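Worksheet: one structure, shown below.
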Protein chains: 2
Amino acid sequence: MLTQRSKYALRAMTMLAASKPGDLVLVADIAKQRKIPRKFLELILLDLKKRGLLHAKRGKNGGYSLARPANKITFGEIIRITDGPLAPLPCASLTAYRKCDDCEDEKTCGIRRIMRSVRDSSSAILDKATLADAFRAKQQF
Amino acid sequence: MLTQRSKYALRAMTMLAASKPGDLVLVADIAKQRKIPRKFLELILLDLKKRGLLHAKRGKNGGYSLARPANKITFGEIIRITDGPLAPLPCASLTAYRKCDDCEDEKTCGIRRIMRSVRDSSSAILDKATLADAFRAKQQF
DNA sequence: TGAATTGCCTATTAAGTCGCTCGACAATAG
DNA sequence: CTATTGTCGAGCGACTTAATAGGCAATTCA
């Protein structure tokens, strides 16, 4: 399950994706409109900024905007930043591989093989799904 | 990421799958061979038993065995018991659906749509992968 | 019958994570 | 200068996770 943190991040990002590119949006506005605790949201956005997904400007008339077009920012990126690796096991992760402490032989591990295919199918979806896709879905109705 | 609990469960179950069907295996033996804290493992196995995946017998010459053939027990079942729903969001779960507290309109939610497809692809794999599959993978080498 | 074995069950604990808040600071516009 | 707005560090309560402890209940077998 995604953490609340990740849910908030996705919601905030889809809101930014819906606003005009380059337009600056206030944390306070995002918090209000998406019902996210303001101070908590600050931390999340800051993180997304540090990882290059957002651009921020301080001071009056400041705010946040996407650092790239909405169709160039994927769910996978966002979730990895807020929640960590997508893979069910560290030994099945590409972006954050780690050997299992007590794994006898990784090559013959049936559990790993299956978790690896779960990882592959999940990231196939999440690394392809962009903010623009999510927004488009909303627009259809 | 799976919890330690789930990892232990999967390891224990694959060990039981490797033993002769109907044979009783001691908790202590599983714990030793798979390097799982014994008392912790007891709790896990008990849970799996209550949910119908294992059969147990008490007293001397007792132990655990699979309640069904290894090719009828899936990873999905095991993980749902030990870790809960597979879906990344409650609103995207089939087996444990729950509406998001503050979701405006589920039908138009782009996030949900994507998470739903992640769920679908994950469970397509995990509800098909059986203990026998994992064991077979190991045997190949 | 009774001792040994083995799973069943309830509590408890230590450490960590999650969700969130507070207060001060730094940059920027006007 | 002042108001605004993001940045940052610290901290906190509730919960979860991983594990331990200890006794009870069923079963075997001598």
| remark: Those residues of the stretch B:126-137 which are of a type in the set (A, V, I, L, M) and surrounded by 21 or more Cβ atoms within 10 Å (Cβ to Cβ) amount to B:Leu126, B:Ala129, B:Leu131, B:Ala134
| field | Out of B:Leu48, B:Leu43, sole residue that is in contact (Cβ under 8 Å) with a residue 24 or more places away in the chain and within 13 Å of DNA strand C (Cβ to nearest atom) | value | B:Leu48
| note | Result of the Cβ filter at 6 Å on the stretch A:67-89, keeping first residues that are more than 14 Å from A:Tyr8 (Cα to Cα) and partners that are of a type in the set (Asp, Glu) and modelled with pLDDT of 95 or more, at least 6 apart or interchain, is A:Thr74/A:Asp127; A:Gly76/A:Asp127
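Restricting the search to the stretch B:76-101, which residues are at pLDDT below 90 and within 10 Å of chain A (Cβ to nearest Cβ)?
Taking the stretch B:76-101 as the starting set, the residues that turn out to be at pLDDT below 90 are B:99-101.
Selection gives B:Cys100, B:Asp101.
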| said: Yes or no: the stretch B:102-118 includes at least one residue that is part of a helix (DSSP H, G or I), within 8 Å of chain A (Cβ to nearest Cβ), surrounded by 21 or more Cβ atoms within 10 Å (Cβ to Cβ) and in contact with a Phe, Trp or Tyr (Cβ under 7 Å, 6 or more places away or on another chain). | reply: yes
| query | Does any residue of the stretch A:6-14 turn out to be surrounded by fewer than 17 Cβ atoms within 10 Å (Cβ to Cβ) and closer than 26 Å to B:Asp102 by Cα? | reply | no
| note | The correct count of residues that are of a type in the set (A, V, I, L, M, F, W, C) and in a helix (DSSP H, G or I) in the stretch B:81-101 is 3
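If I filter the stretch B:32-60 down to residues being within 9 Å of DNA strand D (Cβ to nearest atom) and in a helix (DSSP H, G or I), which single residue comes out as surrounded by the fewest Cβ atoms within 10 Å (Cβ to Cβ)? Walk me through it before giving the result.
Going through the stretch B:32-60, the residues within 9 Å of DNA strand D (Cβ to nearest atom) turn out to be B:36-43, B:57-60.
Checking the rest, the ones that are also in a helix (DSSP H, G or I) come to B:38-43.
Numbers: B:Arg38: 13, B:Lys39: 9, B:Phe40: 13, B:Leu41: 20, B:Glu42: 15, B:Leu43: 12.
Filtering first and then ranking leaves B:Lys39.
Report, by residue number, each residue of the stretch A:1-31 that is assigned to a loop (DSSP other than H, G, I, E, B) and under 12 Å from A:Phe75 (Cβ atoms).
A:Leu2
The values are calculated or read from the model by the stated rules, or taken from the named source; none is laboratory data. As the structure is a prediction and not an experimental result, all values here were calculated from the model. Every residue, glycine among them, receives a Cβ derived from its backbone with ideal geometry; neighbour counts consider all protein chains shown.
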